[in-house]
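Asker: First, the structure itself, so that you have it in front of you.
Just so it is clear, none of the values below were taken in a lab; they were calculated from the coordinates. Being a predicted model, the structure only gives us computed values, none of them experimental. When we count neighbours, we look across all protein chains shown, and the Cβ atoms used for this are built from the backbone with ideal geometry, even at glycine.
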Amino acid sequence: MKAIVQHEYGTTEVLELIELPDPEPGPDGVVVRIRAAAVDPGVWHLMEGTPYLVRLMGFGVRRPKAPVRGLDFAGVVHAVGGDVTRFQPGDEVFGTCQGSFAEYALTTVDKLARKPGRLGFEEAAAVPISAFTALQALRDKGKVAPRHKVLIIGAGGGVGTFAVQIAKAFGATVDGVCGTGKVDLVRSLGADRVFDYTREDFGGGYDLILDTAGNRSLTSLRKALTPRGTLVIVGGEGDGRWIGPVGRNLRALFLGPFVKQKLLGLFSTENQDDLQALRALIEAEKLTPVIDRSYSLAEVPEAIRYASEGHARGKVVITV
Ligand SMILES: NC(=O)c1ccc[n+]([C@@H]2O[C@H](COP(=O)([O-])OP(=O)(O)OC[C@H]3O[C@@H](n4cnc5c(N)ncnc54)[C@H](OP(=O)(O)O)[C@@H]3O)[C@@H](O)[C@H]2O)c1
């Protein structure tokens with residue numbers, strides 16, 4: 001099979017499109033013929049091995065342990081192991097794996113769900129990581145509830161476009177913050193008010209703020225919250241090569257016990273229940289991925305360069 005691999009950490013220059021043996025399923029494994037994959041910040045953090053903390057989290061200190069990049073996918077089950085009963089060859093699925101920038105990938109049943117019928121492969125591949133993040137930030141950390149006043153910072157990005165829709169599905173009043181070019185997009189996703197950060201600042205009185213952009217101080221974010229409001233720090237690319245965005249989470253962690261507001265970080269997880277929850281929202285037409293651009297497998301380096309500029313409209317996908 002063809003796959004995008006890397007044998008050392010670095011910029012997109014380390015990526016190569018080469019032939020590899022097709023994966024074989026173990027007893028509980030599922031091999032998927034990948035039809036589409038998606039690019040998210042996790043992909044280039046693993047490519048670069050930055051922040052360095054990533055390397056210490058089991059991904060390989062000197063070089064990446066798993067050479068094939070790509071996490072999200074949608075595709076067709078190609079082969080299943082002897083213990084797998086829930087899926088069979090020919091099923092259309094979406095989910096996560098280690099190495100979706102390839103023609104075939106090996107995954108397990110707990111990381112898979114049937115592809116929502118109303119989505120094509122590209123749209124379905126755009127969902128898992130970014131939508132897990134939005135869902136877990138809003139529901140699990142933020143305890144979002146009907147009539148909560150919610151602010152999504154970075155509302156036109158990969159996580160933000162899902163977050164706006166999911167917060168609306170939970171019955172919240174949702175405001176979004178984005179750059180000029182995405183104001184119409186964010187409004188079309190259901191946001192009640194949209195703030196263009198190049199022209200205006202957002203107001204206050206928010207029960208819940210999700211910050212995916214990471215370029216505002218904790219002090220200014222706390223001012224925009226109600227006295228018992230919740231801030232969920234989802235991302236941001238600052239704080240250098242050692243700990244990266246984790247620095248803000250640590251500052252929030254230290255400050256948290258001394259204030260009435262909740263200041264929380266998030267490490268999203270991939271799991272079957274949330275994949276099913278997202279599928280249900282999609283089938284109910286409450287959640288639809290936004291695709292900015294689509295690239296071929298050979299164009300993965302270009303796709304990563306574009307997405308890592310941090311201004312894609314929704315998601316960047318790879319068609320395999
Ligand atoms: N905690 C977790 O488990 C987890 C999981 C997934 C991702 N993340 C992190 O979450 C972050 C966002 O991921 P993503 O996929 O959504 O990235 P993305 O698609 O690049 O989106 C980033 C967004 O930030 C916005 N932005 C930039 N400057 C801004 C400003 N001054 N004010 C408001 N918004 C601004 C951009 O909007 P404009 O284009 O309009 O400028 C863009 O839409 C990344 O740092 C990623 O690593 C964390």
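Asker: Grab the eigenvalues of the alpha-carbon gyration tensor for the range 129-265, scale each by 5, take roots, and send me the semi-axes largest first in whole angstrom.
Answerer: The equivalent ellipsoid of the range 129-265 has semi-axes of 21, 17, 14 Å.
Asker: Past the 30 Å Cα-Cα mark, which pairs from 111/141; 143/223; 111/260; 182/260; 115/262?
Answerer: 111/260; 182/260; 115/262
Asker: Hey, another quick one. Only helices at least 15 Å long along their axis, Cα-based, and averaging -0.5 or more on Kyte-Doolittle count here, so list those DSSP H runs from the chain.
Answerer: 158-169, 272-283
Asker: Tell me the net charge near residue 80. Cut-off is 13 Å between Cβ atoms, residue 80 excluded, with +1 for each Lys or Arg and -1 for each Asp or Glu.
Answerer: -2
Asker: Sort the following peptides by mean Cβ neighbour count (other Cβ atoms within 10 Å, averaged over residues), highest first: 290-301, 90-101.
Answerer: 90-101, 290-301
Asker: Let me ask you something else. When the helices in the chain are scored as -39500 (n - 2.57) per DSSP H run of 4 or longer and the sum is shared across all residues, what 222 nm value do you end up with, to the nearest 500 deg cm²/dmol?
Answerer: So the helix-based figure for the chain works out to -7000 deg cm²/dmol.
Asker: If amide hydrogens are placed 1.01 Å from N in the peptide plane, which non-local residues have theirs closer than 5 Å to the one on residue 225?
Answerer: 205, 206
Asker: Name the shape class, rounded, prolate or oblate, that the alpha-carbon gyration tensor gives for the range 1-156, where a ≥ b ≥ c are the square roots of its eigenvalues, rounded holds for a/c under 1.5, and otherwise prolate holds if a/b is larger than b/c and oblate otherwise.
Answerer: Oblate, since a/c reaches 1.5 and b/c is not below a/b.
Asker: Continuing with the same structure: So what is log10(I(q)/I(0)) for the chain at q = 0.07, 0.08, 0.14 1/Å, when the Debye sum runs over its Cα atoms only?
Answerer: Cα-only, vacuum Debye calculation for the chain: -0.27, -0.35, -1.07.
Asker: Now a separate question. What is the antiparallel percent of DSSP beta bridges lying wholly in the chain, to the nearest 5?
Answerer: Approximately 55 percent, going by the DSSP bridge assignments.
Asker: Taking K and R as +1 and D and E as -1, what net charge do the other residues with C-beta under 15 Å from the C-beta of residue 168 add up to?
Answerer: Counting the neighbours of residue 168, the net charge comes to +2.
Asker: Could you put 7, 148 in order, starting from the residue whose Cβ has the fewest other Cβ atoms within 10 Å?
Answerer: Final ranking by Cβ density, sparse to dense: 7, 148.
Asker: Within a Cβ distance under 11 Å of residue 220, other residues only, what is the Lys/Arg minus Asp/Glu net charge?
Answerer: +1
Asker: So for 253, 15, fewest C-beta neighbours within 10 Å to most, what's the order?
Answerer: The most exposed by this proxy come first: 253, 15.
Asker: At residue 7 and residue 223, where each label point lies 7 Å from the Cα along Cα→Cβ, what is the point-to-point distance in nanometres?
Answerer: 5.4 nm
Asker: Please state the charge dipole magnitude for the range 172-296, taken about the Cα centre, from unit charges on C-beta atoms (+1 on K and R, -1 on D and E), reported in debye and rounded to the nearest 20.
Answerer: About 540 debye.
Asker: Here is a follow-up. Post the alpha-carbon centroid distance, the range 256-305 to the range 77-130, in whole angstrom.
Answerer: Each part's Cα centre sits 16 Å from the other's.
Asker: Then there's this: Give the long-range amide H neighbours of residue 195: residues separated by 5 or more places, or on another chain, with amide H under 5 Å away, using H modelled in the peptide plane at 1.01 Å from N.
Answerer: 176, 177, 178
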